[in-house]
1. Restricting attention to the range 231-254, does a residue exist that is under 26 Å from residue 146 (Cβ atoms) and within 15 Å of the chain's Cα centre (by Cα)?
2. Picking from 166, 157, 153, which residue would you name as being at negative phi, modelled with pLDDT under 65, polar (S, T, N, Q) and out of contact with any helix residue (DSSP H, G or I) (no Cβ under 8 Å at 6 or more places or on another chain)?
3. Please state which one of 52, 70 is closer than 30 Å to residue 338 by Cβ and surrounded by fewer than 22 Cβ atoms within 10 Å (Cβ to Cβ).
4. Can you find even one residue in the range 257-269 that is among the hydroxyl-bearing types (Ser, Thr, Tyr) and over 21 Å from residue 137 (Cβ atoms)?
5. If I filter the range 120-147 down to residues being free of Cβ contacts under 8 Å to residues at least 60 places away in the same chain and assigned to a helix (DSSP H, G or I), which single residue comes out as surrounded by the fewest Cβ atoms within 10 Å (Cβ to Cβ)?
6. Assess whether residue 39 counts as being in contact with a Gly (Cβ under 9 Å, 6 or more places away or on another chain) and more than 23 Å from residue 286 (Cβ to Cβ).
7. Taking residue 317 as the residue in question, decide whether it is free of Cβ contacts under 8 Å to residues at least 24 places away in the same chain, closer than 18 Å to residue 91 by Cβ, under 17 Å from the mean Cα position of the chain (by Cα) and assigned to a helix (DSSP H, G or I).
8. Check 326, 273, 289, 277 and return the single one that is in a loop (DSSP other than H, G, I, E, B) and buried (at least 23 other Cβ atoms within 10 Å of the Cβ).
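The values are calculated or read from the model by the stated rules, or taken from the named source; none is laboratory data. For clarity, every value in this text was computed on a predicted model and none was experimentally measured. Note that each Cβ is placed from the backbone with ideal geometry, even for glycine, and that neighbours are counted across all protein chains shown.
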Amino acid sequence: MDLSILGSLTDPPILFFFLGLFVATVRSNLEIPAPVTKFLSLYLLMAIGFKGGQALRETGLTGRAAAVIGIALLLALVIPALGFLVLRHRVNEFDAAAIAATYGSVSAVTFIAATQFVTARGEEPGGYMTVALVLMESPAIIMAVLLATWARSRQRSAQMVGDAGSGASGTVTAAPLSMRAILHEAFTDGAHLLLIGSLVIGTMVGADAGEAMSPFVNDMFKGLLAFFLLEMGLLVARQLREVRDVGPFLIGFGIVMPLVGASMALALGALAGLPVGDLTMLAVLAASGSYIVVPAVVRYAIPEARPSRYFTMALAVTFPFNIVLGIPLYYTAAQYLGA
C-alpha cells in the first residue's frame, strides 16, 4: 500500500471518523448535540472560505486560476450528464436525475479534509480552488431540475397516449414547480452563502487582518475537523442501515463514479499543467457527492426521487470511500501527473 494511504489512515481526523463508526456500530449512547454539529460545519466552511480568500488575494486571478475554474465548470456539467445516461437504464428517471445531481455537485467536508491532507504534505492548493468549490455547487442542481422536467413531460406524454388508446377521458395534470423558487433555494442556501461570503472577506482584508484571524482559522482547524469527523462517523454508521434500499448496482456506482470523475479531472488538470496540490483538489471535487446542499434542494425539486437512495449513496458509500481511500489515491495519481 502507498505510504500516503497509510499516512491518511493514521491521521487524527480520520481516526476520529473511524471512532465515530465504531461507537455507532456498537450502539453506544454517545451523541453530539445538533447545535454543536451545526457550529462545527459552519466554522469549517468559514475557515476554508477565509483561507481561500487570503490565498486568492496573494496570487490573484491568474491564468492557472482561470484554467481551474473552467475545468471545474466543465466537470460540473459533464459528470451529472454522464451519470444520468448510465443510471436511467437501471433506475427510474427521477432517481437517476437526483443521483446525477448529487454526484455532479461537491462535498465541502471532503474538500476540507483533502485540503488538510495536501497542505500537511507541503502541497498547499491555490485559493482559487475554493472558488471552484463554490461554482460547482449549483450547475448540477440546475441540470437535475431540467432532467426531471424532461422526465415528467415524457411521463405525461406516455400517459396521454395510453389514455387515448384506452378511450379514457380527462387530462393529466401535475403540480407545477416554480423554477424561480428552486434556483433561489439553490443559490441562497445558508452554508453556500457563508462559504462565498467568507471567501470574499478573505480576499478583501489585508495580511494584518489575516494574521489576527490565524489562531481561529488555522490553529483550531485540525482539532475541530477531527471533532466534526467524529460526528460524521456516527452519522455514516446510522445511515448504513438504509443501504438495503440502495442495492449492489448503486453501491458500485457510488464507488466507480467518483473514480471516473477523478480520472477526468486528473486528465484535464494534467493537460493544463496544474501542480500536485491543485490537481489533487480538482480530482476530489470531481469525485465527491453532495449530501447537504443538493439533497435539501432535490427534496423539493424532484419529490418523486427517493432520498434513501441519493442521500445514502453520497453519505454512506462515497463519503467514507473518499475520506479513507479516495483522497490519498488521487494525491498519489497527482504526484505522477502534476507539474
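1. Yes, the range 231-254 contains a residue that is under 26 Å from residue 146 (Cβ atoms) and within 15 Å of the chain's Cα centre (by Cα).
2. 166
3. It is 70.
4. yes
5. Result: 146.
6. In short, no.
7. No.
8. Result of the check over 326, 273, 289, 277: 289.
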